[in-house]
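The structure appears right after this line, and notes come after that.
The values are calculated or read from the model by the stated rules, or taken from the named source; none is laboratory data. As the structure is a prediction and not an experimental result, all values here were calculated from the model. All Cβ positions, even for glycine, are placed from backbone atoms using ideal geometry, and neighbour counts span all protein chains on display.
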Amino acid sequence: IIFRDYISGFPKESDMKPTIDTIELKVPEGSNSVLLKNLYLSCDPYMRGRMASDSYIPAFTPGKPIFGHAVSEVLDSGNPNFKKGDYVWGLVGWEQYSLIENPHPMALTKIDYTDVPLSYYTGILGMPGLTAYVGFNELASPKKGESVYVSAASGAVGQLVGQFAKLMGCYVVGSAGSKEKVDLLKNKVGYDDAFNYKKEHDLAATLKRYFPKGINIYFENVGGKMLEAVLPNMALHGRIAVCGMISQYNLEQPDGVHNLFLLVAKRVRMEGFLISDHQHLYPKFLEMMKQLFMEGKLVYVEDMVEGLESAPAALVGLFSGRNIGKQKSTTLGA
Ligand code: NDP
């Protein structure tokens, strides 16, 4: 899938061009390279940032494949860390096969724990899972009995934040953009409560109903009007883990948030983070997750489309809430 050119505004399927280009790929004699068959490609909101030339993150190159996180099988390897038949997760092109030359030690991770579906390494056991863990467990300083609010709660990151909050003994409410997602949060993911933010005309009043004593931790995925509604509802000394602001990514002119002084008045700590700064926590995270899986304490909802040609629409769909759970694509058709 070739990236056409830098964009502004909402991404469109036509910004990505399915292309059939048959080339011979092999591991050069004596090289450190790894030849991969890509199995599952991850569709993530941050990829929108890579479609702009002036972003916080390096851009895709026009005329070259889109790239992102994926789960792959090693077909051949000149690299001592990987052998034929291994499964790995890391960054690859949106293509059926990839030749990774001299992979950086952090770029590909060998998958040793296979008691769960392999696709989980694009979600709950991959980048979004680590994001939920770092943002909630490491940065938001949660304590038993606290009240937690999560926006975009049914997505790749949010559904896990809710589960971590419950495991910590917190009261947790999530918001999402449809009845189906709200039902999922309440009946499957284990949120104490949930609401459809699209049906609420006064979000601040809605939050007041769910959190009469205030929100101790807000896990921010959305930004804009949502953040503005949260601020008056924060409890004294609350924490806001700023994971993302998806409502802002496609706007030419970002929404102004007019009540930021409430951070001072309520002594709130608001902290943004990028998961790329916290990769060293992955082994600790994985150990914790293995234990939780063994105890049957985790659920995860995935939304899979079939075939590389379906991936662009799935990526674009993140910005209208088309996905239910973690969005990913296989590389081969059904
Ligand atoms: P999701 O799986 O949650 O998919 C995105 C969801 O966002 C959509 O399904 C939709 O759900 C919601 N959404 C889209 N547009 C809007 C809007 N305008 N207003 C409100 N909600 C909207 O994505 P992820 O879980 O992968 O990512 C969640 C957040 O975490 C994003 O902001 C992302 O950028 C961020 N992130 C940050 C990282 C970091 O390092 N800081 C790493 C990974 C993710 P709905 O139907 O509920 O509206």
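One residue stands out in the range 135-156 among those that are more than 8 Å from the ligand (Cβ to nearest atom) and aliphatic (A, V, I, L, M): the one that is nearest to residue 324 (Cα to Cα), namely 150. Restricting attention to the range 97-119, the residues that are within 16 Å of the ligand (Cβ to nearest atom) and touching an Asp or Glu at 6+ places or on another chain (Cβ under 8 Å) add up to 1. Looking only at the range 300-326, residues that are within 14 Å of the ligand (Cβ to nearest atom) and either in a strand (DSSP E or B) or within 22 Å of residue 50 (Cβ to Cβ) (or both) come to 16 in all.
Annotation note: Cβ proximity below 7 Å between a residue of the range 177-192 that is at pLDDT 95 or above and a residue that is more than 13 Å from the ligand (Cβ to nearest atom) and hydrophobic (A, V, I, L, M, F, W, C) (sequence gap 6+ or interchain) occurs for 188/299; 189/299; 191/172; 191/173; 192/172; 192/173. Scanning the range 164-190 for residues that are buried (at least 22 other Cβ atoms within 10 Å of the Cβ) and either part of a helix (DSSP H, G or I) or within 13 Å of the ligand (Cβ to nearest atom) (or both) yields 164, 165, 174, 175, 176, 181, 182, 184, 185, 189. When residue 179 is tested against the conditions (1) of a type in the set (Lys, Arg); (2) under 26 Å from residue 120 (Cβ atoms); (3) touching a Lys or Arg at 6+ places or on another chain (Cβ under 9 Å), the lone failure is (2).
To keep it simple, each residue is scored yes or no on (1) in the same structural domain as residue 311 (by TED's automatic domain parsing); (2) closer than 21 Å to residue 331 by Cα; (3) in contact with a Lys or Arg (Cβ under 6 Å, 6 or more places away or on another chain); (4) part of a loop (DSSP other than H, G, I, E, B).
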| site | (1), (2), (3), (4) |
| --- | --- |
| 10 | yes, no, no, yes |
| 39 | yes, yes, no, no |
| 88 | yes, yes, yes, no |
| 92 | yes, yes, no, no |
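Restricting 228, 220 to residues that are within 13 Å of the ligand (Cβ to nearest atom), surrounded by 14 or more Cβ atoms within 10 Å (Cβ to Cβ) and touching a residue at least 60 places away in the same chain (Cβ under 8 Å) narrows the list to 220.
With respect to the conditions (1) touching a residue at least 60 places away in the same chain (Cβ under 8 Å); (2) surrounded by fewer than 16 Cβ atoms within 10 Å (Cβ to Cβ); (3) more than 12 Å from the ligand (Cβ to nearest atom), residue 205 falls short on a single one, namely (1).
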